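What follows is a short report on a single structure.
Each value in this text was obtained by applying a stated rule to the coordinates, not by laboratory testing. Predicted model only: the values in this text are computed from it and were never measured. Here the Cβ positions follow ideal geometry from the backbone for every residue, glycine too, while neighbour counts run over all protein chains shown.
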């Protein structure tokens, strides 16, 4: 865990910022009705005809660069997200479970964070019940999300082994559902 | 500012505690008010659309934008408006689309006004060198089955105003509209009054 020391090295103003974000998240969840949140859906919609997924090169938490084309030959779940987005937070554990189930068979999950500081995201992922082990990349100026015409967060694409966009979901989903797993089985 | 912020935080903690809000329904619109925080929300679902509007207090806009390092000029421009957190879902079995440019609100004097769209906000922000592209409701999406989105709807009205909002959407070329009446903008923080 390369960044395990960073959490202890937070500057005071960042602590304040993080408290503020936590309060904002609390509001966002409350505003959406914490007590009666509807269940997340589990469908992904086909893109017909399939579109070539734009390549990109983005840094991970440690500043190491990753290109989408590095994953050619694998099925890729490409998720655009941010910590302040409640449905992004809700769906992330299901992506991790899906990744754990299918990674050895060739599924890669790539979570592309929008606008946020890697320090903040690192701390956030440490608080999740199921910490992601898939790569989290940083699209600080949202240039990649613009390429993919992302209208809102979260938005998730499922890419086939040839790097084509085959399915899309706008809004949070439970990804470790048999319906999504059947799509992945069909692409593997 | 400090006292107002602390009070709001306490109120929101109470919201999170799960205390049930007071609920009423009129003309297909369900209105609920949290008894502890006073935060109001309106929900309507018909003809394939499910929409929910939630008051957003200006202090939260200031805090959340500030937390992302956005300049005060950006946060103030939004926080001084009447803002509703807006959740839009396609609950039909066909693609649904809407354009915020087609939506209108009616102010307390009965004047119909357009809504500042996400594209207009982004043009302003990007012109200031701010590359933040989120938080405002997407202005022209097409939703496949099960898709949904959330974001701020910003009206150029003072805090505490009463407005009606005309929402327009279409499914396979058929146009629908609904007026959600008597919405209340979040009140101004006490120290701003």
Selected from B:151, B:38, B:28 as most flexible by GNM, with chain B as the system and alpha-carbon contacts under 10 Å: B:28
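If packing is taken as the average number of other Cβ atoms within 10 Å across a peptide's residues, how do B:127-137, A:162-172 rank, most packed first?
On the way: B:127-137: 17.5, A:162-172: 20.8.
Result, highest mean Cβ count within 10 Å first: A:162-172, B:127-137.
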Cα→Cβ-extended label distance, 7 Å offset, between residue A:103 and residue B:93, nm: 3.9
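For chain B, what is the mean residue ellipticity at 222 nm derived from helices alone (per DSSP H run of n ≥ 4: -39500 (n - 2.57); sum divided by total residues; nearest 500 deg cm²/dmol)?
Values: 4 runs with 43 residues, N = 193.
Taken over chain B, the calculation gives -6500 deg cm²/dmol.
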Inter-probe distance in nm under a simple model that places probes 7 Å from Cα toward Cβ, at residue B:25 and residue B:172: 2.7
Residues A:148, B:65, sorted so that the one with the fewest Cβ neighbours within 10 Å comes first: A:148, B:65
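Let me know the mean shielding of B:132-139 by other chains, meaning the per-residue number of their Cβ atoms within 10 Å of its Cβ. Don't jump to the answer; show the numbers that get you there.
On the way: counts 4, 10, 10, 6, 1, 2, 6, 1.
Per residue, the average neighbour count from other chains is 5.
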Euclidean distance of C-alpha centroids, segment B:133-160 and segment B:56-92, integer Å: 11
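Just rank B:125, B:169, fewest to most, by other beta-carbon atoms within 10 angstrom. Walk me through the intermediate numbers first.
Working: B:125 19, B:169 23.
By the 10 Å Cβ count, ascending, the order reads B:125, B:169.
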All Cα pairs of segment A:38-136, percent lying beyond 21 Å: 37
Sequence ranges B:111-120, B:87-96, ranked by mean other-Cβ count within 10 angstrom, highest first: B:87-96, B:111-120
Per-q log10 I(q)/I(0), segment B:2-192, q = 0.08 Å⁻¹ (Debye; single scatterer per alpha-carbon; no solvent): -0.26
10 Å Cβ neighbours from other chains, averaged over peptide B:148-158: 3
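Within 10 Å of each Cβ in peptide B:62-73, how many partner chain Cβ atoms are there on average? Round it to a whole number, please. Kindly include the intermediate steps, with their values, before the conclusion.
Working: counts 1, 7, 8, 2, 5, 13, 10, 4, 1, 0, 0, 0.
Other-chain Cβ atoms within 10 Å of each residue's Cβ, averaged: 4.
Two decimals is fine: what's Rg over Rh for segment A:76-188, C-alpha atoms, Kirkwood radius as Rh?
Values: Rg = 13.2 Å, Rh = 14.1 Å.
Dividing the radius of gyration by the Kirkwood radius yields 0.93.
Of A:123, B:124, A:64, A:104, how do they rank once you tally other Cβ atoms within 10 Å and put the fewest first? Don't skip to the end; give the middle numbers.
Working: A:123 19, B:124 14, A:64 10, A:104 7.
Exposure proxy ranking, most exposed first: A:104, A:64, B:124, A:123.
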Dmax and Rg, reported as Rg then Dmax, of segment B:36-137 (C-alpha, Å): 15.4, 43
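Obtain the radius of gyration and the Kirkwood radius of segment B:126-193 from its C-alpha atoms and give Rg over Rh.
Values: Rg = 16.0 Å, Rh = 15.2 Å.
Here Rg/Rh amounts to 1.05.
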